[in-house]
């Protein structure tokens, strides 16, 4: 039987999962490819920790060039994450004519162009299904069977840590800080959770989805990104009263030669399938001009699901190698020459419905002042709740608006926050209810 | 720019959708393939009906051999449906060295072996994403990025007509016959709805899913198939009382060298994402040893979604042709030599939880007799409802069982139905609540 040699850089949790899958399902994979996939070399700085995988002598090395430069190795899997040295390693693998499979969304979101260009010059493939949605095969679907569609929107719950935290806050009425602490103890959140909870990981992922769906480069710095650390149990409760759940949603839309790309806590109507995606599960929802709406749900992280996506890419490249196909597909599904550079619409120009919460002193005329400020900025009110009454104290006033322009909302909020009857900064949460 | 010539057999609704997509998104498809896909010939017996698509002169023909035998045509799309003459046409296209894309689940469920063998001999590909789940790219996912997994189960709501009918029955408390009539008026059900409502279409589709997931031929005649025509508003209401919705579910499971493949009305816990898939939407849920549970939701039928899947397959084959790859993948994802022939477990041997409804005379001792018969067959009762009381009249007695063997359930029901205090045949609906 033919053999295809694979090298792995990064032997952490996911790396161990990949090794386990390749060994455990070796026979299955041969039945599907006609070849034996041999994990020839694994490079990591730490090759002494027991990862629970039985490897032949000599497979582990601390010398990354034994993977990147081995002439027998056809496919290099990069699983160290982060920008450097991942970038250097990936570029070196490509220079040596290796196909690259990676789970590194941060790297691709920031240095994708350079990597894709190098891969095109060298005639190798770069695949990264595991970078978005863990085991969910959504990138393959966009590049593959859904390729005939002009996509209009791509939305997603893309970070399991945030979704776990928001789900527990919703189910238990618990506060953000408490749930984060438990999540860290359970291993669902990292010791430094910034990338997850501030939405940066989600922004990396939506930038890749947008690139694939709309065939465009995405200026990562221009993605409006707001995390979940300011979401309160109070707002989650009000959301429920209005029939919504709060999710950290990544949104990509095509809009007349520009794109909308943003990440922020979002209210989604209860009963919509995406609102029911709870816990560590992820979900991606696409709309295309022919397929209509199509949705994917699955485990968005973890050793085994991520290994499934990585090995799936390895199998796909292997099939192409065995069929004699050189660079059957480009990294973004579009030919490199056809990839556009669509500008991102500034956040002030987006149009949305909004949930607004004000901390107002319970005095006559307050509501009239707030409503007046909103009216002056062309914002019309759909519904309103003023909770409780306690003369002289602060009460929450919640307003749901009709569609309005974000710049108007922000200008109105700045005015309202300056009123002496308003205590503290007002809260704004965007609503997405045009989902079919 | 390179050109790839495509021929189409069958210019009905889906055929017109495919032509529309290929013309409307021609530029997009070139940006993704580097080639122009030319719809060179379309064969149909009726070439006079206006399908709303602008075609060049000479594209339409009533002579199918102008598609099947044209040496310029590389890919033949078969969209006439049914067994014959579809089978003859597909075999002839393969003999002439054409790659085949089809949406014909009936054909593949019954004659797949013959077609796959011919394709292997001739070195061409056979793709059929549109045969299952309309626009949902689930077959590509199973064969492609999920290929590293040993699948344990595949479940699905695979027929939009049935799901539409059951959804309206659930939402409106309406009867089957009335909803079917409206569905026919709205075009959601055909004039002769037998294939849909009796579960045959669903059985065709699950047989393909099982073949791809488990790498096995499926003896179509051995699939236990029960449709929705006997589902009553009464049972839907009882299901709701117990926290379930009734869906026509197709189930495939791997079981120790055998497979379970069955189609029947099934109770699914409310709150599980698959229970929320309503109306004409379809859904497929897979569990693999690495990916865990992954779920797909989308439009399961219709001109445009089906066209999306067909053209997606055409794009995939085109990429392989352009990359010089001959037969990059086998039809089932497994190499033909590796496809097994796993036997289907007889329905009597399956183990499930059951909903049972008896029409009993309201007399003392009836419940004891029923419970006794169940106990004699090792069936234990999880809960029970006896609704209403009206001496001498028939009342429904509903029992939810713990897990039991189907043959025991059937034997018990035969005994119970023979009691003189039981009026009419008892109802049995299987429950699937081991879903995560």
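In this structure, does residue B:42 turn out to be modelled with pLDDT of 95 or more, within 20 Å of residue A:143 (Cβ to Cβ) and buried (at least 21 other Cβ atoms within 10 Å of the Cβ)? For residue B:42, the condition - modelled with pLDDT of 95 or more, within 20 Å of residue A:143 (Cβ to Cβ) and buried (at least 21 other Cβ atoms within 10 Å of the Cβ) - is not met. The lone criterion from (1) without any contact (Cβ under 8 Å) to a residue 24 or more places away in the chain; (2) surrounded by 15 or more Cβ atoms within 10 Å (Cβ to Cβ) left unmet by residue A:187 is number (2). When residues in the range B:201-238 are screened for being more than 30 Å from residue B:173 (Cβ to Cβ) and in a strand (DSSP E or B), 1 of them pass.
Filtering the range A:402-436 to residues that are farther than 24 Å from residue A:229 by Cβ and in a strand (DSSP E or B) leaves A:404, A:405. Taken over the range A:286-311, the criterion of being more than 7 Å from chain B (Cβ to nearest Cβ), surrounded by 24 or more Cβ atoms within 10 Å (Cβ to Cβ) and modelled with pLDDT of 95 or more is satisfied by A:286, A:306, A:310. Scanning the range A:239-284 for residues that are over 15 Å from residue A:156 (Cβ atoms) and not in a strand (DSSP E or B) yields A:239, A:240, A:241, A:242, A:243, A:256, A:257, A:270, A:271, A:279.
Quick check on residue A:251: is it under 15 Å from the mean Cα position of the chain (by Cα), at pLDDT below 95 and under 21 Å from residue A:431 (Cβ atoms)? So residue A:251 does not fit the description; no. Within the range B:129-179, the residues that satisfy the criterion of being under 15 Å from the mean Cα position of the chain (by Cα), buried (at least 24 other Cβ atoms within 10 Å of the Cβ) and not in a helix (DSSP H, G or I) are B:132, B:133, B:134, B:135, B:136, B:137, B:154, B:155, B:156, B:157, B:158, B:159.
In this structure, is residue B:373 buried (at least 16 other Cβ atoms within 10 Å of the Cβ) and within 14 Å of chain A (Cβ to nearest Cβ)? Judged against the criteria, residue B:373 is not a match. Any idea which of A:314, A:326 is within 10 Å of chain B (Cβ to nearest Cβ) and out of contact with any strand residue (DSSP E or B) (no Cβ under 6 Å at 6 or more places or on another chain)? Residue meeting the stated conditions: A:326. Exactly one residue out of A:262, A:254 is in contact with a strand residue (DSSP E or B) (Cβ under 7 Å, 6 or more places away or on another chain), touching a residue at least 12 places away in the same chain (Cβ under 8 Å) and within 30 Å of residue B:310 (Cβ to Cβ): that is A:254. Could you say which residue among B:277, B:210 is buried (at least 24 other Cβ atoms within 10 Å of the Cβ), under 19 Å from residue B:110 (Cα atoms) and touching a strand residue (DSSP E or B) at 6+ places or on another chain (Cβ under 9 Å)? Step by step, each of B:277, B:210 is checked, and only B:210 is buried (at least 24 other Cβ atoms within 10 Å of the Cβ), under 19 Å from residue B:110 (Cα atoms) and touching a strand residue (DSSP E or B) at 6+ places or on another chain (Cβ under 9 Å).
When the residues of the range B:329-352 are filtered to those that are at the interface with another protein chain (Cβ under 7 Å from one of its Cβ atoms) and not in a helix (DSSP H, G or I), the one that is nearest to the chain's Cα centre (by Cα) is B:333. Of all residues in the range A:302-327, those satisfying the criterion of being closer than 21 Å to residue A:30 by Cβ and assigned to a loop (DSSP other than H, G, I, E, B) are A:323, A:324, A:325.
Can you say whether residue B:381 is touching a helix residue (DSSP H, G or I) at 6+ places or on another chain (Cβ under 7 Å) and in contact (Cβ under 8 Å) with a residue 60 or more places away in the chain, as far as the supplied structure shows? No; evaluated as a whole, the condition is false for this residue.
The values are calculated or read from the model by the stated rules, or taken from the named source; none is laboratory data. The structure displayed is predicted, hence computed values, not measured ones. Heads up, the Cβs are rebuilt from the backbone with ideal geometry, glycines too, and the neighbour counts pull from every protein chain shown.
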